[in-house]
1. For segment 117-248, with the dipole built from +1 on Lys and Arg beta-carbon atoms and -1 on Asp and Glu ones, taken about the Cα centre, which of PRO217, PRO182, TRP202 lies farthest toward the positive end?
2. Work out the FRET efficiency for ASN109 and ASP156 from their Cβ-Cβ distance, taking R0 = 25 Å, and round it to the nearest 0.05.
3. Let me spell out the model: positive unit charges on the Cβ of Lys and Arg, negative unit charges on the Cβ of Asp and Glu, origin at the Cα centre of segment 194-243. What dipole size does that give, in debye rounded to 20?
4. Whose amide H sits under 5 Å from the amide H of ILE18, counting only residues 5 or more places off or on another chain, with H placed in the peptide plane?
5. Run the reach check for LYS116 against lysines, Cα to Cα strictly under 16 Å, same-chain hits fewer than 8 apart removed. What comes back?
6. On the protein heavy atoms, probe 1.4 angstrom, tell me the percent of accessible surface of segment 151-244 carried by carbon and sulfur.
7. Which residue, THR9, THR126, ASN89, has the largest displacement toward the positive end of the dipole of segment 1-144 when charges sit on each Cβ (Lys, Arg +1; Asp, Glu -1)?
8. On full extension of the chain, what length is gained from ILE229 through ILE123, given 0.36 nm per residue of separation minus the C-alpha to C-alpha distance?
Amino acid sequence: MPLRKQINTLKLPSHVAIIMDGNGRWARQRGLDRIFGHQQGVNALREVIETAAELGIKYLTLYAFSTENWCRPDEEVSALMGIMIQSLNNETGTLIKNNIRLKVIGDINRLADDVKERLFETINLTSVSTGLNLVVALSYSSRWEITEAARRMSADVNNGTLKIDSIKEEDFEKYLTTYGIPDPELMIRTSGELRISNFLLWQIAYTELYFTNKLWPDFGKKDFYDAIIDFQKRERRFGKTSEQVLEK
Ligand code: IPE
Ligand code: IPE
Ligand code: MG
């Protein structure tokens, strides 16, 4: 049976998060500069966004650049920022046409003005879209996000809008950059690394993890289908027994 037919569209994850890793190795394996890998990665990105929109997934969060990635060589960081601007220039029209809404999470203040401007422009232009919510994690790390949340929450305790004794998990979530977005049900990481690298640590408490050896530029529609089919075979117990889950 074709892969697409094996997907139960009534049981789709509503939020998929992806750690797009392996661009550098993809290029080095071909004797090319790492930057070519990043450029090639944009094609995989386009295919995955298209597939998510086609399937009717509501939220897709992509890890594009981490706080730690600022420590890479200057030329690589500026090439990545250049690719970002170029992609926004090329793809904003397609996002609008496909009813896709862009959102960014991360420490945006660290980005250069031209990147910020282009980003906000696309965010504004796509703000009326009602289809796929595309969340790009840029200059993002989970520990940055959680520290920032703690800081802003403490300020509210200080100014009296929040009482320490009444703080619940749901209150903390309001201070995270992902507030209003459901937790990811499926997280995919490419390139064979078995780690999370500071991505959505709070939000993945009960997320199903899927790792593949494919390097990001080689990841396509079929690989995305495979991950969803694998996800749909899992029993999500949330601490309960299998019998309890099956009773429902
Ligand atoms: C992922 O690919 C892209 C970013 C982190 C920006 P890498 O650049 O990390 O590729 P590898 O892991 O070195 O192969
Ligand atoms: C994670 O990839 C960050 C992104 C994909 C943007 P890295 O390549 O930076 O992760 P590590 O350093 O191998 O953990
Ligand atoms: Mg990497």
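The values are calculated or read from the model by the stated rules, or taken from the named source; none is laboratory data. In this text, all values refer to a predicted model and were calculated from it rather than measured experimentally. Every residue, glycine as well, gets a Cβ built from its backbone with ideal geometry; the counts of neighbours run over all protein chains shown. In case anyone asks, the SASA skips ligands and DNA or RNA and just uses the protein heavy atoms, side chains included. Shrake-Rupley method; radii C 1.70, N 1.55, O 1.52, S 1.80 Å.
1. PRO217
2. FRET efficiency, ASN109 to ASP156: 0.75.
3. 60
4. THR61, LEU62, TYR63, ILE188
5. Within the straight-line limit of under 16 Å, LYS116 reaches these lysines: LYS103.
6. 50
7. THR9
8. Length gained between ILE229 and ILE123: 35.0 nm.
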